[in-house]
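Sending over a structure as C-alpha cells; questions will come in a sec.
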Amino acid sequence: MPPLLLKAETVSLARKKILLGVTGGIAAYKAAELCRLLVKAGADVQVVMTAAAQQFVTPLTFQALSGKPVLTSLWDAASGDGMEHIHLSRNADLLLVAPASADFLARLAQGRADDALSTLCLARACKLAVAPAMNHEMWAAPPTRRNLGQLQADGVQVLGPAAGEQACGEVGLGRMLEPVDIMSALSGLLGGGALAGRRVLVTAGPTFEPIDPVRGLTNLSSGKMGYAVARAAAEAGAEVCLVSGATCLATPAGVRRIDVQSAADMHRAVLAELPCDVFIAVAAVADYRVDAAAAQKIKKTADDLTLRLVANPDILAEVAALPDAPFCVGFAAETEQLAEFAEAKRLRKKLPLLVGNLAQDTLGQDAAELVLFDNQGQHRLPRADKLTQARNLIAHLANQLN
Ligand code: C5P
C-alpha cells in the first residue's frame with residue numbers, strides 16, 4: 001500500500017495584518033521570538049507596548065524585528081493625526097496581546113482605555129486574542145477567574161496558558177504558550193482554513209469506570225492522539241470541543257475542553273454538544289462498566305470477588321446512526337489483523353472514515369503509523385509524530401468533507 005501524500009492545510013499568515021500587544025511580564029522576551037516568527041511567516045506586524053513591557057524589553061528590539069516603529073504612547077505628537085489607537089485596528093486581521101499580564105486582563109475586562117494598548121483594544125474593529133502569562137497563584141486567583149470569564153463572554157479568545165516551571169521558580173499553570181504554539185493557534189483564529197466555520201467534536205483519553213469510590217477500571221490511553229487531533233482541527237479553523245477522560249495534557253490553544261470520567265459521562269457530554277459537523281471519536285472508551293458500583297469502599301473479606309460488568313453505550317455508533325449524523329471518524333486500536341478488524345468495525349459502525357493503528361505501536365507513544373479506511377480503500381500514513389498524523393488526518397477528512 002503506497003503512503004498517502006497529504007498537505008496539511010493551515011491558514012497562511014502571509015500579508016495578514018497583526019497587531020502585537022506586549023504587556024509587562026517576563027514572558028515579554030518570548031514575544032520578541034513570536035514577532036520574529038510572525039514576520040518570517042509573511043505577516044505585517046505592528047507592535048504596541050505598555051509602559052511595563054518596556055521595563056522588560058526595549059521598543060527598539062521589536063522595531064528591529066518588525067521593521068516598524070513601536071507604538072508606546074497615546075500622546076505621540078509626531079505620529080500623523082495622533083489617532084493610531086483608532087486607525088490601527090481598522091484594517092488589522094487580529095489584535096494579539098502576548099504576553100497578557102494579570103493586570104492587563106483586569107484592565108481589559110473593565111474596558112479601561114488609559115494607555116495606547118488598552119485604548120486600541122477598546123476601540124478595535126478586529127478579533128482580539130490574549131496569551132496570558134503570570135504566576136500560577138495569580139492565574140488561579142478569584143479576580144483573575146472573574147476577569148477571564150468576562151473576557152470570554154466578551155468574545156476574546158484566550159490562548160493558554162501552559163503549565164510548567166515559572167520564572168519565579170514555582171511550578172504551575174500560568175506560563176505563556178510557546179511562540180510556536182501561539183503561531184499554530186493563529187491559523188484557526190484567522191479563519192479561511194480547511195475546516196473554517198465547522199464545529200468539530202473530539203473525544204480523547206481513557207474512561208474510568210468506578211468499582212467503588214476509590215477504585216475503577218481504566219486503560220492505558222494517554223490522550224495524546226485525541227489532543228493532537230483537536231489541535232489540528234483548531235489549526236484548520238474549526239470551532240473545536242474536546243470531551244476528555246483523565247489525562248495530564250494541556251488543552252490545545254483555542255479548544256474548549258469538557259472533562260469527564262466514565263463512558264456514561266462521556267456519552268452525556270457528547271450528546272449535549274450535538275449538533276456538530278464532524279465527530280472524531282479518539283477516546284478509548286471502556287466497553288463495559290461495573291453493574292452496580294459500591295457506594296462505600298469494598299472490604300477484603302473473601303478470597304475472591306466477582307464484579308458483574310454491563311455493556312456501555314457505543315457513543316460513536318450511536319452518533320453515526322442519528323438521522324442528521326455528523327461526518328463520523330472512528331479510531332480502531334487493534335493488536336492483530338488490523339486491516340480486517342478495522343474495516344469490519346468501520347462497516348459495522350457505518351463510518352465514512354476510520355483510523356486504524358496497532359495498539360502496541362501507539363499506546364502512550366509520541367509517534368504512530370496509521371492506516372485510514374474509507375470508501376475508496378486503505379491509505380497508509382507512515383510512522384510520524386502524532387501532531388503530524390493528526391494534521392494529515394484532518395487534511396484527508398477535510399478533502400472528503402468538502
Ligand atoms: O468498538 P471499538 O471500541 O473498538 O471502537 C473504537 C471506536 O469507537 C473509537 O473511535 C472509540 O472512540 C469509539 N467508541 C465509542 N464508544 C464506545 C466504544 C468505542 O465511541 N463505547
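Across segment 334-364, what is the number of residues that are in contact with a Ser or Thr (Cβ under 8 Å, 6 or more places away or on another chain) and either within 16 Å of the ligand (Cβ to nearest atom) or free of Cβ contacts under 8 Å to residues at least 12 places away in the same chain (or both)?
So the answer is 4.
Given the conditions (1) more than 17 Å from E178 (Cβ to Cβ); (2) among the small types (G, A, S); (3) modelled with pLDDT of 95 or more, which single one is not true for A32?
With (1) more than 17 Å from E178 (Cβ to Cβ); (2) among the small types (G, A, S); (3) modelled with pLDDT of 95 or more applied to A32, the lone miss is (1).
Applying the selection to segment 311-338, what residues are open to solvent by less than 80 Å² (accessible area, probe 1.4 Å), part of a loop (DSSP other than H, G, I, E, B) and not hydrophobic (A, V, I, L, M, F, W, C)?
Listed by number, the residues that qualify are N312, P313, D314, P326.
G172 - would you say it is touching a Phe, Trp or Tyr at 6+ places or on another chain (Cβ under 8 Å) and part of a strand (DSSP E or B)?
yes
I'm trying to understand the selection: among the residues of segment 167-189, which are open to solvent by 20 Å² or more (accessible area, probe 1.4 Å) and either of a type in the set (K, R) or more than 18 Å from L94 (Cα to Cα) (or both)?
Of everything in segment 167-189, those that are open to solvent by 20 Å² or more (accessible area, probe 1.4 Å) and either of a type in the set (K, R) or more than 18 Å from L94 (Cα to Cα) (or both) turn out to be A167, C168, G169, E170, V171, L173, R175, E178.
Looking at (1) more than 19 Å from G226 (Cβ to Cβ); (2) within 12 Å of the ligand (Cβ to nearest atom), which one does A294 not meet, given that it meets all the others?
(2)
Next question, about the same structure. Only one of these is closer than 24 Å to L354 by Cβ and open to solvent by less than 40 Å² (accessible area, probe 1.4 Å): L242, L249. Name it.
Matching residue, one of L242, L249: L242.
Next question. Take segment 145-165 and flag every residue that is part of a loop (DSSP other than H, G, I, E, B) and either under 19 Å from Q110 (Cα atoms) or open to solvent by less than 20 Å² (accessible area, probe 1.4 Å) (or both).
D154, G155, V156, L159, P161
If you don't mind, another one. So how many residues does segment 72-101 have that are buried (at least 20 other Cβ atoms within 10 Å of the Cβ), at pLDDT 85 or above and among the small types (G, A, S)?
The qualifying residues number 4.
Mind checking which residues of segment 359-378 are open to solvent by 30 Å² or more (accessible area, probe 1.4 Å) and either assigned to a helix (DSSP H, G or I) or modelled with pLDDT of 90 or more (or both)?
Result: Q360, D361, E369, N375, Q376, Q378.
Cβ-Cβ under 6 Å, sequence separation 6+ or interchain: first residue in segment 43-55 and over 20 Å from M183 (Cβ atoms) and modelled with pLDDT of 95 or more, partner of a type in the set (D, E) and in a loop (DSSP other than H, G, I, E, B). Which pairs?
T50/D115
Consider A194 against the criteria (1) part of a loop (DSSP other than H, G, I, E, B); (2) assigned by TED's automatic domain parsing to the domain that holds V48: it satisfies all of them except one. Which criterion is unmet?
Only one criterion is unmet by A194, namely (2).
State yes or no: is L108 among the aliphatic types (A, V, I, L, M), open to solvent by less than 30 Å² (accessible area, probe 1.4 Å), under 17 Å from A129 (Cα atoms) and under 22 Å from the mean Cα position of the chain (by Cα)?
No, not satisfied.
Moving on to the next point. Sort through A141, A116 and tell me the only one that's closer than 24 Å to I18 by Cβ and open to solvent by less than 60 Å² (accessible area, probe 1.4 Å).
After applying the criteria, what remains is A116.
Can I ask one more? Output the residues belonging to segment 278-310 that are open to solvent by 100 Å² or more (accessible area, probe 1.4 Å) and either farther than 15 Å from L217 by Cα or in contact with an Asp or Glu (Cβ under 6 Å, 6 or more places away or on another chain) (or both).
Answer for segment 278-310, where residues must be open to solvent by 100 Å² or more (accessible area, probe 1.4 Å) and either farther than 15 Å from L217 by Cα or in contact with an Asp or Glu (Cβ under 6 Å, 6 or more places away or on another chain) (or both): Q296, K297, K299, K300, T301, D303, D304, R308.
The values are calculated or read from the model by the stated rules, or taken from the named source; none is laboratory data. Note that this is a predicted model, so its numbers are computed, not measured. Backbone-built Cβ (ideal geometry, glycine too); neighbour counts: all protein chains shown. What goes into the accessible areas is simple: the full protein's heavy atoms, side chains included, and nothing from ligands, DNA or RNA. Shrake-Rupley method; radii C 1.70, N 1.55, O 1.52, S 1.80 Å.
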